[in-house]
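Below: one structure, written as structure tokens.
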Amino acid sequence: MGKNIKIIGSGFSSLAAACYLAQNGNEVTVFEKNESIGGRARQLKRQGFTFDMGPSWYWMPDVFERFFGDFNKKPSDYYELIKLSPAYRVYYGIEDFIAIADNLEEIINTFEKIEKGSGKVLAQFMAEAKSNYNIAIKDLVYRPGVSPLELITTETALKVGQFLSNISKDVRKKFKNERLIQILEFPVLFLGAKPSDTPSFYNFMNYADFGMGTWHPKTGMYDVVKGMESLALELGVQFEINSNIEKIIVENKKAVALQINGNRIDADIILSGADYHHTETLLDPEYRAYSEKYWESKTFAPSSLLFYVGFNKKIENISHHALFFDVDFNQHAKDIYDEPKWPENPLFYANFPSITDKTAAPEGMESGFFLIPLAPGIEDTPELREAYFEKIISRFEALTNQNIKENIIFKESFCKLDFEEVYNSYKGNAYGMANTLLQTAFLRPKLKSKKIENMYFTGQLTVPGPGVPPALISGKLVAELIEKNL
Ligand SMILES: Cc1cc2nc3c(=O)[nH]c(=O)nc-3n(C[C@H](O)[C@H](O)[C@H](O)COP(=O)(O)OP(=O)(O)OC[C@H]3O[C@@H](n4cnc5c(N)ncnc54)[C@H](O)[C@@H]3O)c2cc1C
């Protein structure tokens, strides 16, 4: 008989888990503290503009196909995808940028033009990256992180050297041009750590980038949330928004109920897709599996300073996604990971969804999203936010050769303190715990509580790690583990 399963949080991992658990005949309810579902992928709507508040790069379309395929559906049953062309631009100076095409052949030509001989090297690098993608994303990440043996296969045994070297070293061995090196190091930033702390094997992210392309759901990433919500509702999942979980009640070493507004809600199984550290604080100290010292010792993905900006005109000389790498990449990385402080000259990323999606801004206007990665736990004040907006918007104007400051109708910021308050995020991290060698698979916080029965976890602090595709996989893994243990 189906179990009564209560899920904390409504991010992608919780939504995925809810679908699988409901498909297996369980009675599933999702409780979200905020007024809308989707976790970090929530939407912001202001004066006719719509922003995706978090994720904006739709990578690894095969993972989404596999998710919907598990329910005999396709992503296209719920949303339409557009392949971006160019995928993105990387700026290095005033109107000086490299556009990354939507196909590998053209990208190889671009490389060759910048560094003689690098086209052929890139083709070989991508063949290896594709092979790693097939091993990692089609197989390894679908293992539950229970045992080190999960990582030992005939294929990984042949690639052991790639776990001992790192992306930064590997890319520098093959390419000399600093711009090409930065482009190849960029995708692993999604995994939350420095390229020099990320094993070479993770170059599968380069295949996700150049090999599979950058996609955009027709009216934004929130289309995916709505698609998953529709599927969940079809399967009988119930949603309760504005429902902050205050406590997880444990009796006889079993998680038995949630507390909301002082009321007790019983459950056979409790699953949390909220920040793992926060979830443990909902348990009495003796039932927590990881100490504060443990969390303190881990490498977390960066926090971020974000701006959602409405412009009353179209922005020129720009593409849907743009990276501003006109300053020292290594210095900014040091300011995030080694000696945490606000970077003097920050790298930043911007996207303008209204270039692709006419519903994102009123006619003739543009919606802009700006992101500066920052160290988790950093000081966050209104003055710092404002000073950094001024820094990046001035640089943006110079690099794209136009004036836009006077065309700002409104801007909203979101930073470390908001990540903590809105998502209960540990140190205000933006996207979870990084995937370094020592924070991979069985070395990550576990899907099942080590201290109490009937308590499970999913999401970006457990396996497989940060990002939307891993969140879908995490939901599947935990649902399988719950079914196995019933
Ligand atoms: C700015 C930004 C940009 C990003 N860009 C990309 C990108 O381009 N591509 C990509 O693939 N990934 C990207 N990511 C990462 C990706 O968004 C996340 O890894 C993923 O969405 C995490 O999903 P999750 O289910 O683990 O957690 P979350 O989305 O954090 O969901 C957890 C939910 O739990 C809720 N919650 C917390 N505490 C409680 C409580 N006590 N009671 C009830 N509910 C609670 C929270 O409100 C939240 O809704 C980005 C993230 C950010 C922040």
Shape category assigned to region 225-334 from the gyration tensor of Cα positions, a/c cut at 1.5: oblate
Crossing angle, helix 12-23 versus the chain [Cα axis fit, 0-90 degrees, rounded to tens]: 40
Relative packing of 27-35, 171-179, which averages over residues the other C-beta atoms within 10 Å, highest first: 27-35, 171-179
0 to 90° range, to nearest 10: angle between helix 382-400 axis and the chain longest Cα axis: 40
Local electrostatic count, residue 442, Cβ distance below 13 Å [Lys/Arg +1, Asp/Glu -1]: +4
Packing rank of 67-74, 2-9, 284-291, 272-279, where each peptide gets the mean count of other beta carbons within 10 Å, highest leading: 272-279, 2-9, 67-74, 284-291
Fully extended contour minus Cα-Cα distance, from residue 82 to residue 296, at 0.36 nm per residue: 73.0 nm
Computed over region 356-459: relative contact order in percent, which uses C-alpha pairs under 8 Å that are six or more apart: 19
Inter-label distance for residue 363 and residue 438, nm, one decimal - labels placed 7 Å from Cα along Cα-to-Cβ: 5.9
For the chain, share of DSSP beta bridges that run antiparallel, in % to the nearest 5: 70
Residue pairs, from the table 3/138; 130/298; 116/176; 247/446, whose Cα atoms sit over 22 Å apart: 3/138; 130/298
Gained length - residue 174 relative to residue 4, 0.36 nm times residue gap less alpha-carbon distance: 55.8 nm
Spacing of the two label points (7 Å from each Cα toward its C-beta) at residue 218 and residue 123, in nm: 3.8
Relative contact order of the chain, defined on C-alpha pairs under 8 angstrom at six or more residues apart (%): 25
Members of 451/476; 159/476; 226/448; 120/173; 113/174 lying beyond 18 Å, as alpha-carbon distances in this model show: 451/476; 159/476; 226/448
Rounded FRET efficiency, nearest 0.05, which uses the C-beta distance separating residue 157 from residue 284 and R0 of 41 Å: 0.40
Sorted peptide list for 207-219, 146-158, 102-114, 183-195, criterion being average Cβ within 10 angstrom, highest first: 183-195, 207-219, 102-114, 146-158
Degrees, to the nearest 10: 468-485 long Cα axis against longest axis of the chain: 20
Candidate aspartates and glutamates - alpha carbon under 16 Å from residue 405, same-chain residues fewer than 8 apart omitted: 316, 366, 386, 390, 397
At 1.306 mPa s and 10 °C, Stokes diffusion of the chain via Kirkwood alpha-carbon radius, µm² per second: 69
Whole-Å distance, taken between Cα centres, linking region 150-205 and region 286-328: 21
Set of aspartates and glutamates with alpha-carbon distance to residue 253 below 14 Å, sequence-local pairs under 8 removed: 268, 284, 286, 453
Added length on full extension, which subtracts the Cα-Cα distance from 0.36 nm per residue, residue 252 to residue 317: 17.1 nm
Residue 45 versus residue 131: modelled label distance in nm, points set 7 Å from Cα along the beta carbon direction: 5.0
Alpha-carbon centroids, region 85-128 and region 431-486: separation in whole Å: 35
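Read-outs throughout are calculated quantities, based only on the coordinates presented, and are distinct from any laboratory measurement. Since this is a predicted model, take the numbers as computed values, not measurements. Cβ: placed from backbone, ideal geometry, glycine included. Neighbour counts: every protein chain shown.
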